[in-house]
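What follows is a short report on a single structure.
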Amino acid sequence: MSDTALTTPQGAPLFHLADEHEHEEGGSTALGFWIYLMSDCLIFAILFATFGVLGGSYAAGPSPKDLFDLPLVALNTSMLLLSSITYGFAMLAMQRGRSGQVQAWLAVTGLFGLAFLSIELYEFAHMIHEGATPQRSAFLSSFFTLVGTHGLHVTFGLIWLVTLMVQVKKRGLIAANQRRLSCLSMFWHFLDVIWIGVFTFVYLMGMLR
């Protein structure tokens with residue numbers, strides 16, 4: 001935008017529009033992604049609130065004590081926690097400019113993520129086999145919705161992770177890829193925090209009811 005001025009009929013300037021300052025490439029990416037994460041927080045807050053209201057409505061069906069296998073859930077939780085640690089190692093390797101190490105740590109992170117999803121799908125399949133389907137009670141409907149939504153987020157995160165591995169292999173640790181890796185890091189750790197809430201609020205407190 002060039003320097004311009006609006007004037008009155010007498011020629012007196014009303015105001016002056018200065019040149020717009022330069023914006024750093026990708027400077028708004030982090031802000032935009034934080035806004036997205038906040039919207040995701042609202043979604044999970046609604047799902048947690050729904051489970052809090054409906055989680056005790058068993059409709060004479062199975063309760064958490066009848067369904068949950070805490071050792072299996074604890075193993076699943078450890079898979080996701082370990083994936084956050086390995087992603088942290090990938091970020092450290094990125095800061096040192098070692099793309100090979102970044103790729104290796106991302107691959108390990110992906111394997112832990114796949115293990116998490118596999119255990120979760122096994123849990124769902126076992127519950128459905130026992131007749132504990134989402135239609136059975138309000139408790140099960142809210143459970144499958146909350147835990148399933150988190151699982152979908154992990155699935156999308158894994159797809160994003162594989163896409164970034166391809167990008168890093170093709171173009172290296174350019175600035176754009178580093179921004180994308182940083183955004184995925186925020187997303188992945190966000191999913192970790194949400195799962196800790198699920199583990200505590202849904203599984204542990206469910207077993208205490």
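Here's how it looks for S57: its modeled amide H is under 5 Å from those of F139, which are all 5 or more places away or on a different chain. Counting protein heavy atoms only, the chain has 68 percent of its accessible area on carbon and sulfur, 1.4 angstrom probe.
If you average the C-alpha positions of segment 66-91 and of segment 157-203 separately, how far apart do those two centres end up, in angstrom? So the separation of the two Cα centres works out to 15 Å. In order along segment 30-43, the phi-based Karplus estimate (6.51 cos²θ - 1.76 cosθ + 1.60, θ = phi - 60°) of 3J(HN,Hα) comes to 4, 4, x, 6, 4, 4, 4, 4, 5, 5, 5, 4, 5, 4 Hz; Gly and Pro are listed as x.
Across segment 197-207, computed HN-Hα scalar couplings (Karplus, 6.51 cos²θ - 1.76 cosθ + 1.60, θ = phi - 60°) run x, 5, 4, 6, 6, 8, 7, 5, 5, x, 6 Hz from first to last residue, x flagging Gly and Pro.
The overall shape of segment 53-200, judged from the alpha-carbon gyration tensor, is prolate: a/c is not under 1.5, and a/b is greater than b/c. Secondary-structure-derived ellipticity at 222 nm for the chain, considering helices only, amounts to -25000 deg cm²/dmol, per-run term -39500 (n - 2.57) for DSSP H runs with n ≥ 4. Simple rule: put +1 on each Lys or Arg Cβ and -1 on each Asp or Glu Cβ in the chain, find the dipole, and look at L111, S141, Y36; the Cα lying farthest toward the positive end is L111. The Cα atoms of segment 34-126 give a gyration tensor whose axes a ≥ b ≥ c have a/c of 1.5 or more with a/b no greater than b/c, which makes the shape oblate.
Here the Karplus curve 6.51 cos²θ - 1.76 cosθ + 1.60, taken at θ = phi - 60°, turns the phi angles of segment 79-96 into couplings of 4, 6, 5, 5, 5, 5, 5, 5, 5, x, 5, 5, 5, 5, 5, 4, 5, 8 Hz, with x standing for Gly and Pro.
The values are calculated or read from the model by the stated rules, or taken from the named source; none is laboratory data. On a predicted model such as this, the values are computed, not experimentally measured, just so you know. Heads up, the Cβs are rebuilt from the backbone with ideal geometry, glycines too, and the neighbour counts pull from every protein chain shown. Accessible surface areas use protein heavy atoms only, side chains included; no ligands, DNA or RNA. Shrake-Rupley method; radii C 1.70, N 1.55, O 1.52, S 1.80 Å.
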